[in-house]
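Student: My questions all concern the structure below.
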Amino acid sequence: MHHFWNSIVLGNSLESYIIVAATILFVIALKRVIARLIARLIFRFIRRMGSGLDKSAFLDLVVGPIGTFLVVFVSMSSIEKLHFPAELNFDIYEVKAKTIFQAIGIVIIIASFIWLLMRLVDFIALVLRRKARSDGSPRDVQMIVFIRDFLKAVLGIIGVLMILHSAFGVDVSTVVGGLGLAGAAIALAAKESIENLIASFVIFFDKPFKAGDMLNVNNISGTVEKIGLRSTRIRTLQKTFVTVPNKQMVDSIVDNLTLRTQRKGELRLQLSLSTPAGQLDAFIAGVRKILIKDKVENSTVFLNDISGNAFLVNVDYFTAPIALDEFNAIKQQVNLDILRLMEEMGHSIAGASTTISVTGMTPGPAAQSNNG
């Protein structure tokens, strides 16, 4: 029996294969339990940094990456204990198979580790965003999201450099130095991306708008849902999703509707020229009384012009920056009240009725036969 366990297959004993396989299967079977235990230990350390941290949110974010990193790390460490079979160490494009497998393992380990760090950044950002919301600081929430995305991008770049160095043996210092030589070419190729990145910093520090604001920009009207490193996402009034490069947002005229102090309603009336001056004056006074409402802060009603076809009466009124539905209800009520006033006073809109008369035409044969 002892001789059987020591049997050599592809350069390793059966006992070695079984130990490695059992270790990997054990970790896979218990990875979630072990990952949650490690996550709880990490959370216990993080909790000392502040109170009110959400343990369940932390576990949801990091248990998956910890489990993946654990399985990959233990699997690679266990497999490293085995001798790579000479029969399988063939060349692939002049590179040994063993080298390729080792590089793949290193890539997976580094990727899972960077993934874990990104999830930790997500959790820290989540905690800071909740704190900013509780303090009533929406602009701080916006800045936290921006910094979170920036840090994750930096971690991604670090991960790529680590993979190049550890898995492929590339001298990172040479790569960084080479960037200086190729800087002009890279800057030219990535000119638009760099401009958008700089524009994102301008938006965050100049603060012309924030997430949740309603804007008019480049014939687009909608609510800002997210400001990223490259672009701003806007949900339009038609419920479509528009992505606008940050450089365009900075270069364009942005009308921030959320920052307005009032909403404006307007009505342009064209009254018949047959309306006597006294009735016109009484009508304007009646409209002014209609606009004396709780929600209407100020208003203006006046005879703006006398054209060849009508008396032009302008009606302008302003409310507080209330919700659109509430404003539309007020607007409808004002319009209906003005219509009722016109009916009571017998006024009519100029050009409201048109009579078309056709003369000088001879009836056709069908009409003549009918008349006959």
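Every number here is computed from the coordinates shown, using simple stated rules; none is lab data. Note that the coordinates shown come from a computational prediction; the quantities given were computed from them, not determined experimentally. So basically every Cβ, Gly included, is an ideal-geometry build from the backbone, and we count neighbours across all protein chains shown.
Student: List the lysines whose alpha-carbon lies under 26 Å from that of residue 264, not counting same-chain residues fewer than 8 positions away?
Tutor: Of all the lysines, those that pass the test against residue 264 - Cα under 26 Å, at least 8 places apart if same chain - are 207, 210, 239, 289, 293, 295, 331.
Student: Given 0.36 nm per residue, what is the gain on full extension from residue 13 to residue 36 after removing their alpha carbon distance, in nm?
Tutor: 4.8 nm
Student: Another question about this same structure. Order of 155-162, 273-280, 113-120, 101-108 by packing, highest average Cβ count within 10 Å first?
Tutor: Those peptides, ordered most packed to least, come out 113-120, 101-108, 155-162, 273-280.
Student: Efficiency by 1/(1 + (r/R0)^6): what FRET value for residue 60 and residue 230, r their Cβ-Cβ distance, R0 = 22 Å, to the nearest 0.05?
Tutor: The pair residue 60/residue 230 has a calculated efficiency of 0.20.
Student: So what J values fall out for segment 205-218 if you push phi through Karplus, 6.51 cos²θ - 1.76 cosθ + 1.60 with θ = phi - 60°, rounded to Hz, Gly and Pro as x?
Tutor: Calculated HN-Hα couplings, in order: 8, 7, 6, x, 7, 9, 4, x, 6, 9, 10, 10, 8, 6 Hz.
Student: Also, I was wondering about something else. Subtracting the Cα-Cα distance from 0.36 nm times the residue separation, let me have the gained length for residue 336 to residue 153 in nm, one decimal.
Tutor: 60.2 nm
Student: How far is it, in nm, from the label point at residue 79 to the one at residue 26 when both lie 7 Å from their Cα along the line to the Cβ?
Tutor: 2.0
Student: Once the Cβ-Cβ distance between residue 304 and residue 219 is put in as r, and R0 is 25 Å, what FRET efficiency do you end up with, to the nearest 0.05?
Tutor: For R0 = 25 Å, the calculated efficiency reads 0.30.
Student: For residue 43 and residue 323 in the same chain, what is the full-extension length gain: residue separation times 0.36 nm, less their Cα-Cα distance, in nm?
Tutor: Length difference between fully extended and current span is 96.6 nm.
Student: Given a Förster distance of 56 angstrom, what is the FRET efficiency for residue 267 paired with residue 134, based on the Cβ-Cβ distance and rounded to 0.05?
Tutor: Working from the Cβ atoms, E equals 0.80.
Student: Within 10 Å, count the other beta carbons around each residue, average over each peptide in 210-221, 69-80, 14-25, and list them highest first.
Tutor: Top to bottom by mean Cβ count within 10 Å: 69-80, 210-221, 14-25.
Student: Moving on to the next point. Take peptides 305-315, 227-237 and line them up by average Cβ neighbours within 10 Å, highest first, as a rough protection proxy.
Tutor: 227-237, 305-315
Student: Taking amide H atoms as placed 1.01 Å from N in the peptide plane, list the residues 5 or more away in sequence, or in a different chain, whose amide H sits under 5 Å from that of residue 232.
Tutor: 244, 246
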